[in-house]
Every structure is written in C-alpha cells, then in structure tokens.
Amino acid sequence: EKGGHDYFMLKEIVEQPRAVADTLLGRVGIDGTLTLDEMRLSPSDLRDIEKIVIIACGTSYHAGLIAKYAIEHWCRIPCEVEVASEFRYRDPILNRQTLVIGISQSGESMDTLMATRYAREQRARVLAICNVNGSTIPRESDGVLYTHAGPEVGVAATKTFLTQLAACYLIGLYLAQVRNLKFGDEINAIIAQLARMPEQVEKVLDTVEPVRRLARSLSNSTTVLFLGRHVGYPVAMEGALKLKELAYMHAEAFAAGELKHGPIALIENGLPVVVVVPSREGRGVLHDKIVSNIQEIRARGARTIVIAEEGDEAVLPFSDELIEVPAVPTLLQPIVATVPLQVFACELALAKGNDVDQPRNLAKSVTVE
Ligand code: M6R
C-alpha cells in the first residue's frame, strides 16, 4: 500500500507529478481554453467579483498566499489571504461581490468550515478548493474545484499542496479569461507552462538525492531559517512548517527584505539558512535583491542553502549548497521549489528517527476549533 516506500509521505512526494497532472486533467483544452464545470459560478457571477478573500489553515494557507500573487497579477482583482481561525472574529467586510475561496485538503478543518459558513451568511459567494470528494466544506459552498490528488495518508501535506497550487492557478487564469483581462499572449503562455508542470516536478524528483544527503548532515542543528521574496516567501513558510511538524525543530521563515529590520540579528556562525530565489524571468530586480541578501547573511557566517533555477550563476559564489530547480515562470515556481523542501524536512526527520507519517501531537484533519 506504500508502493514500495517505507512511509506514505515518501510515496506521496513521488506521486506529485501524477497528482498535478490529475488536477489539470480535463480542465486545460489543447487550445488553452479552461473548463471548470464544478465551479457552479457563472461567467457573469465571476465578472461581478470585486474582491477575493482566501481563507485556509496551515499548508493550505500557504497555497492561498501564493494564489494572491498570481490572481492579483493576472486578474487585477484585490485579493486578501487570511488564516481561517482569525477571519470571522474580526468582522470582515463581505458582500455579494466578494468571492471567498476556502482551501482545505480534507474539507473538514473546523476553522475553515466555520469561516466559509460565516462568509455565506454574509452573502459572499464561496468556492472551495478541496481534495476529498463530498466533504463538508465543498458541500456547504457555492462551487468547488477538486484537486484529485488521491488520498493523502501522511499527516504532512505534500501532493495536496502542489495540487492546491495548480487549482489556484486554474482559478486565476480562468478568471482572467472570463474577465477578458490580458487574455492573449501572457495568459496563453502561462497555461501552456502550467500544463508542463508535471514533467518539471518529475525533473526535480530526479535530482533530489543531494538534498537527502544535506538533510542528514543537518540532523543535529537546532534551528533552520528560511528566506524568500515574492512567491518564494510563502514557499519558505511552507518549508519551515514542514520542518517543524516533521523534525520538531525550530524553523522560521522571513521575507528576505525584512532581514534588515530585525531577523538578521539571529544570524551566527554555521546557522543553516535556506533561501528560495525567484526565477530570473520578469523579476530581475527581485532576483538581484535576494542575491545581495544571500551575500549579507553569508558575510555574517550563515551556511547558505540556496534553491534557485538551473543556470543561475549569480547565486553560485554565495551558495554553500545549491539546489537547482527547472526554469519556469516566477508565479509557477512554487510548484517546483517546494519539492526539495519537502524532501529536506522528511529526510531530516527520518535521520532523527521520527515517524514522518504520524508526527507527534498532530492529526491529519483538525475537526475542532
Ligand atoms: O485539510 P486542510 O487543508 O484544511 O488542513 C489544514 C492544515 O491542518 C494542514 O495543511 C496542516 O497544516 C498540514 N498537516 C501541514 O503539513
């Protein structure tokens, strides 16, 4: 049942190319037209949307943070993202023109369920992104986009995260098409690249062996920091969450630009710092800024573990360890950049003798508030 692997988590990590392909299946036409039937929100409903609010917990929240960058860029609709447990207690402003997207793998997280229920009471339109067919959140939503990742047994979300990202991209691109915004070259090019993501993930999986070795060499560390910018920031947050829940280590993510506002004081000799570098495509300035962030922390003794796209020579001189991922458009990069971080956390946890499928104190689906 573990497909020859010792743990479900390992199996679920390698299943990711197929899982992402299944999310896209039947939704991306050969000519680039998207069909999202189960959305049950008509194009005219979607044209009326003035604001998008994404609510979710944990890893699903990180998918939401990434979706914000994509949706605002492609659709020009203001998009907020909030952890579900905070959302309804702050009197949020919602109306018929608000699209609330609840992201939940299980469809049963009580925090997300209560938040989406509240949103519907306020007359917002609610769309669920969910992996479990017929679960409570999609049943109580106006529309749903199932991720079709298949059952995920490991407590740590892996393939369901990548497929949530794919689903978020589909929604963003679909909204852009329906609203006729930027419809044309950029959107079509991205759709073509999205369709190729399963093979890109496969390439990452083919090259993760050095990440395993690196993780094992760090099993005695007490802290690992993660830095990112743009979509690399939520990826860094996801890498830190994986390490906490699996390896029971102190792990924290910062927006690289925030370093100088405080966290840089944490840097000391030998501290491992993972840096997620944005693709160079279209993001030249950001890329250069993060390269100088890497220089800054390295000058203060950090051991830099850099995730960058292949052939990125600018990072080479400052990377103690370089993890290369395929070159893809920046907004889609989280799909490839997250995979080494999953492997890193899993391997480090295994080196410490932890059960990666059943980490202590955690449940797969959190059905209490
Ligand atoms: O089922 P959900 O997506 O609603 O679950 C949300 C979080 O509990 C979940 O993502 C959790 O953070 C994962 N175990 C992280 O790996």
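The values are calculated or read from the model by the stated rules, or taken from the named source; none is laboratory data. As the structure is a computational prediction, the values presented were derived from the model and not from experiment. Please note: Cβ atoms are built from the backbone with ideal geometry, for glycine as well, and neighbour counts cover all protein chains shown. For the accessible areas, the whole protein counts, side chains as well, though only heavy atoms, and no ligand, DNA or RNA atoms are used. Shrake-Rupley method; radii C 1.70, N 1.55, O 1.52, S 1.80 Å.
Using the Cα atoms as the points, what is the convex hull volume per residue of the range 36-81 in Å³?
Each residue corresponds to 85 Å³ of Cα convex hull volume.
Using θ = phi - 60° and the Karplus form 6.51 cos²θ - 1.76 cosθ + 1.60, what ³J(HN,Hα) does each residue of the range 221-227 get, whole Hz, x for Gly and Pro?
Result, rounded to whole Hz: 5, 9, 9, 10, 9, 10, 10.
Over 22 Å between Cα atoms: which of Lys51/Lys159; Lys2/Lys364; Lys51/Lys242; Lys51/Lys260 fall into that group?
Lys51/Lys159; Lys51/Lys242; Lys51/Lys260
Divide the volume of the convex hull of the Cα atoms of the range 169-306 by its number of residues and quote the answer in cubic angstrom per residue.
134 Å³
Taking the chain as a Gaussian network, where each spring joins two C-alpha atoms under 10 Å apart, which residue of Leu348, Leu36, Leu246 fluctuates the most?
Of Leu348, Leu36, Leu246, the Gaussian network model singles out Leu36 as fluctuating most.
State the Kirkwood hydrodynamic radius of the range 1-102 in Å, one decimal place, computed from all pairs of distinct Cα atoms.
Working: mean 1/r = 0.0615 Å⁻¹.
Every distinct Cα pair counted, the radius reaches 16.3 Å.
Report, in degrees rounded to the nearest 10, the 0 to 90 angle that the Cα long axis of helix 232-247 makes with the longest principal axis of the chain.
The helix 232-247 is inclined about 70 degrees to the chain.
Give the accessible surface of the chain per residue, rounded to a whole number of Å², with probe radius 1.4 Å and ligands, DNA and RNA excluded.
Counting only protein heavy atoms, the per-residue value for the chain is 39 Å².
Trypsin sites (Lys or Arg not before Pro), restricted to the range 1-89: which are DSSP loop and have at most 14 other Cβ atoms within 10 Å?
Passing sites in the range 1-89 are Lys2, Arg40, Arg76.
In whole percent, how big is the carbon plus sulfur part of the accessible area of the chain, probe 1.4 Å, protein atoms only?
Carbon plus sulfur share of accessible area: 49 percent.
Just add up the charged neighbours of Ile171: K/R +1, D/E -1, any other residue whose Cβ is under 14 Å from the Cβ of Ile171.
That works out to 0.
So what's Rg/Rh here for the chain, counting alpha carbon atoms and using the Kirkwood radius for Rh?
Ratio of gyration radius to Kirkwood radius for the chain: 0.95.
Under 10 Å, Cα contacts only: if you run a Gaussian network model on the chain, which one of Ser109, Ser292, Ser60 comes out with the highest mean-square fluctuation?
Ser292
Which number do you get for Rg(Cα) / (2.2 N^0.38 Å) in the range 231-369?
Values: Rg = 15.6 Å, N = 139, 2.2 N^0.38 = 14.3 Å.
Computed over Cα atoms of the range 231-369, the ratio equals 1.09.
How large is the Kirkwood hydrodynamic radius of the range 102-167, in angstrom, based on all distinct alpha carbon pairs?
Averaging 1/r across every pair of different Cα atoms and inverting gives 11.8 Å.
For the range 53-137, what is the largest minus smallest coordinate of the Cα atoms on each principal axis, given in angstrom and ordered from greatest to least?
31, 24, 21
What distance in nm separates the two pseudo spin-label positions at His261 and Thr367, each 7 Å out from Cα along the beta-carbon direction?
Result: 4.1 nm between the two label points.
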